[in-house]
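One structure is given below, encoded as structure tokens.
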Amino acid sequence: MFGSSKLKKIKKLNEKASKPEFKSTEIIKSLKIRENDKIVDIGCGGGYFTFKFSDEVGENGLVYAVDMEPEYLDYVKSETRIKGVKNIETVLAEENSLELENDLNLIFLRNVFHHIPEPLSYFNHLKQFLAPDGRIVIIDYKKTKKINFVNLFGHYTSEEDILNVMEKGGYVVLEKFDFLSSQSFTIFKKE
């Protein structure tokens, strides 16, 4: 199914997400997920947050694991079978296309915004899938003065750029959190 190097990479993504400095427990708590919610995890990687969301929404809720990498989705599918999880569905995202179910309660993007080539049209497209009270969560790396992977390869987006794109796209800030030292964390809703 996957080569050992790909499997290692997937597991490393999950290990990194679980590190205390990335405060996954606090993130989940901040999202105020309800039982039966429908959530989309865009750029799910190895599914670390997908499985956390699965626990939160309960057996009648639904979580869509979305990624452009088929191997990541294969891994998530494999883990759902092993764990007996029934409320996760995988969705392969195409370069310029993403079709989802309507009336979603939460769309979650963690460290994905900086990969989106045309964020304004992307978030305009996502708006149609949100429930009237649906929310979009954007967590992305901030630029720092450190010499590291994030800064060297441009894997960050300024909070100002995120706010500008979302405002132009017809979203307003619902909540902002500052407990993540290396990332911005904002929840938006439709205007």
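The values are calculated or read from the model by the stated rules, or taken from the named source; none is laboratory data. Just so you know, these numbers come straight off a predicted model, no measurement behind them. In this analysis, Cβ positions are derived from the backbone assuming ideal geometry, glycine residues included, and neighbour counts consider all displayed protein chains. Surface accessibility is based on the protein's heavy atoms, side chains included, excluding ligands, DNA and RNA. Shrake-Rupley method; radii C 1.70, N 1.55, O 1.52, S 1.80 Å.
So, in the range 1-48, of the ones that are at pLDDT 95 or above and among the aliphatic types (A, V, I, L, M), which residue ends up nearest to the chain's Cα centre (by Cα)? Checking each candidate, the answer is I42. Of the strands (runs of 3 or more DSSP E) lying entirely inside the range 20-105, those carrying at least 1 residues that are open to solvent by less than 10 Å² (accessible area, probe 1.4 Å) and of a type outside the set (K, R) are 38-42, 62-67. Residue count for the range 28-62, restricted to those that are out of contact with any strand residue (DSSP E or B) (no Cβ under 8 Å at 6 or more places or on another chain), hydrophobic (A, V, I, L, M, F, W, C) and within 12 Å of L13 (Cβ to Cβ): 0. Yes or no: the range 127-150 includes at least one residue that is at pLDDT below 95, among the hydrophobic types (A, V, I, L, M, F, W, C) and open to solvent by 30 Å² or more (accessible area, probe 1.4 Å). Yes, there is a match, as at least one residue in the range 127-150 is at pLDDT below 95, among the hydrophobic types (A, V, I, L, M, F, W, C) and open to solvent by 30 Å² or more (accessible area, probe 1.4 Å). Criterion first (closer than 19 Å to M166 by Cα, of a type in the set (S, T, N, Q) and crowded, with 21+ Cβ neighbours inside 10 Å) does N111 satisfy it? Yes: the conditions hold for N111. The number of residues in the range 8-19 that are open to solvent by 50 Å² or more (accessible area, probe 1.4 Å) and of a type in the set (A, V, I, L, M, F, W, C) comes to 1. Filtering E89, E99 for residues that are modelled with pLDDT of 90 or more and of a type outside the set (F, W, Y) leaves a single hit, E89. Do we have any residue at all in the range 37-50 that's over 19 Å from I138 (Cα atoms) and small (G, A, S)? Scanning the range 37-50, I find no residue that is over 19 Å from I138 (Cα atoms) and small (G, A, S), so the answer is no.
Within the range 63-111, the set of residues being among the β-branched types (V, I, T) and in contact with a strand residue (DSSP E or B) (Cβ under 6 Å, 6 or more places away or on another chain) comprises V63, V66, V76, T80, I88, T90, V91, I107.
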